[in-house]
Amino acid sequence: MSKSPDTAARHFYGRRHGRPLRAKLRNLVETLLPKVRIELTEGTVPDVDPRELFSGEATFAAAPNAEFWLEIGFGGGEHLAWQAEHHPEVGFIGAEYFFNGIASLLRHIDDRQLKNLRVYEGDVRDLLPKLPDASLTRVFILFPDPWPKSRHNKRRLVQDETLDELARVMADGAELRLGTDDPGYLNWMLEYLMRRDDFVWTARGPQDWRVRTEDWPQTRYERKAIEAGRKPAYLKFRRCRRSH
Ligand SMILES: C[S@@+](CC[C@H](N)C(=O)[O-])C[C@H]1O[C@@H](n2cnc3c(N)ncnc32)[C@H](O)[C@@H]1O
């Protein structure tokens, strides 16, 4: 896993490995992952230029005005692969710490022959500082680990530091999508985002956050939450220029 020198001390609380991978996935890890993985170097910051990530891809030539979208904690990758398939003109970056999830995404990339997707295996908080200012036009954080016990709240991904970095790497007008099935985390997300002046909540009424839009396919975690009787919330925030 890539690690930036200034963040080596940060602790990650999620799990890295699950069940042993089957032969097909092991094979994709060996053959496909090296082609799509994003490597961080210890050089200058920023050192991950989204346009350069796709420069060697003949069938996806990032145009001068190409957009780049990021999904953080993509789990099994079903949402990310759907977005990449439905938006072939967009370059996608997926960041995930759980290795089995990365392997699952590789299967989607291979099955659908996706050319517009790159993967960062590790903690997104190490990747974000390496991205250029205003380089992303959409970011997804779908059903992040809720850490519901109050003594664990500080482990949540949505924190001021993460939002500061997102505000920096997101272009003016870029969209931040968040999903959660945890009422405590929902309140937390709203509180942390609505006290800022660089993100604005786009919902005009309850339907806008209680109902998932058609361009937002269900994730595995969300399906399990609904089966367990929980009611997810779907938030869309817009990155906006500071007024001062
Ligand atoms: C509860 S799962 C949800 C997965 C998926 N988004 C879904 O809805 O099915 C949260 C995922 O986020 C990943 N994750 C949590 N914090 C992360 C971080 N800082 N960087 C990268 N991935 C992270 C975890 O490894 C886990 O796979």
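The values are calculated or read from the model by the stated rules, or taken from the named source; none is laboratory data. Fair warning: this is a prediction, and the values are worked out from it, not measured in the lab. Reconstructed Cβ throughout: ideal geometry from the backbone, glycine too, with neighbour counts over all protein chains shown. When the accessible area is computed, the model is the full protein with side chains, heavy atoms only, and any ligands, DNA or RNA have been set aside. Shrake-Rupley method; radii C 1.70, N 1.55, O 1.52, S 1.80 Å.
List of remarks:
- Per the conditions (1) over 30 Å from residue 19 (Cα atoms); (2) open to solvent by less than 10 Å² (accessible area, probe 1.4 Å), the sole criterion not satisfied by residue 171 is (2).
- The strands (runs of 3 or more DSSP E) falling completely within the range 34-146 that include 2 or more residues that are open to solvent by less than 60 Å² (accessible area, probe 1.4 Å) and of a type in the set (Gly, Ala, Ser) map to 91-96.
- When 191, 222 are checked against the criterion of being touching a Pro at 6+ places or on another chain (Cβ under 6 Å), modelled with pLDDT of 95 or more and assigned to a helix (DSSP H, G or I), 222 stands alone in meeting it.
- Set side by side, the residues 134, 167, 63 differ, and just one is within 20 Å of residue 194 (Cβ to Cβ), away from the ligand (no atom under 15 Å from the Cβ) and among the small types (Gly, Ala, Ser), which is 167.
- Residue satisfying all of: in the range 91-131; farther than 22 Å from residue 166 by Cβ and of a type in the set (S, T, N, Q); farthest from the ligand (Cβ to nearest atom) among these: 113
- Only one of 212, 230 that is open to solvent by 20 Å² or more (accessible area, probe 1.4 Å), over 24 Å from residue 108 (Cα atoms) and either part of a loop (DSSP other than H, G, I, E, B) or touching a strand residue (DSSP E or B) at 6+ places or on another chain (Cβ under 9 Å) (or both): 230
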